[in-house]
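Working notes, beginning with the structure itself.
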Amino acid sequence: MSYVDSGSLPDLGIWDKLKARRAAISFDLEVTARCNNACRHCYIALPAGDREAQERELSLAEIDDLALQAADLGAVWALLSGGEPLLRPDFPDIYLALKRRGLLVSVFTNACLVTAEHVGNAVVFFASDLTPTTGASLPVDGGIPSAFPR
Ligand code: SF4
């Protein structure tokens, strides 16, 4: 038994549907350029407390509007990344806004700021009919701040 399968995107049933409509499949949102880590290789890791960077971030309303536009264009999947998206105090609201637009949502996080509440919400969402799929991608270093020091 294998837990991993692979195949070509054109082999999936959704491909013809999307191709015929020339629809956007997915979109990525970098909801902050700030991060609690400072990995040597990173191109988007302004300090967590950088006020100017924070002021430049999209608001929840702007993100929701972008999600609506993307969903109207046919997008079914959104990726939230940063920087570290969990630095945003309104992260749960951002996540919920995308889910309410009917999107599958993945999160790129270094996992350092994951709380028991995040995990509890993820379990509830995963088991809910509202959210058929959700996911989080963690770095291979497990988000250890000293893994890639500057
Ligand atoms: S944890 Fe990720 S976003 Fe943060 S500095 Fe490292 S690579 Fe960049």
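A few remarks follow.
- Least to most buried among Thr115, Thr109 (fewest other Cβ within 10 Å first): Thr115, Thr109
- Under 11 Å, Cβ to Cβ, from Phe108 - net charge with Lys/Arg +1 and Asp/Glu -1: -3
- Ranked by how many other beta carbons lie within 10 Å on average, peptides 71-83, 9-21, 47-59 from highest: 71-83, 47-59, 9-21
- With the convex hull of its Cα atoms as the shape, region 21-137 has an orientation-averaged projected area of 7.7 nm².
- Listed residue (Ile14, Ala53, Ala67) projecting farthest to the positive dipole end of region 1-75, Cβ model: Ile14
- Extension gain for Val124 to Asp5 (0.36 nm times residue separation, less C-alpha to C-alpha distance): 40.2 nm.
- Each of Arg40 and Ser59 was given a label point 7 Å from its Cα along the Cα-to-Cβ line. The distance between the two points is 4.2 nm.
Each value in this text was obtained by applying a stated rule to the coordinates, not by laboratory testing. None of these values were measured; they are calculated from a predicted model. As a convention, Cβ positions derive from the backbone with ideal geometry for all residues, glycine included, and neighbour counts pool all protein chains shown.
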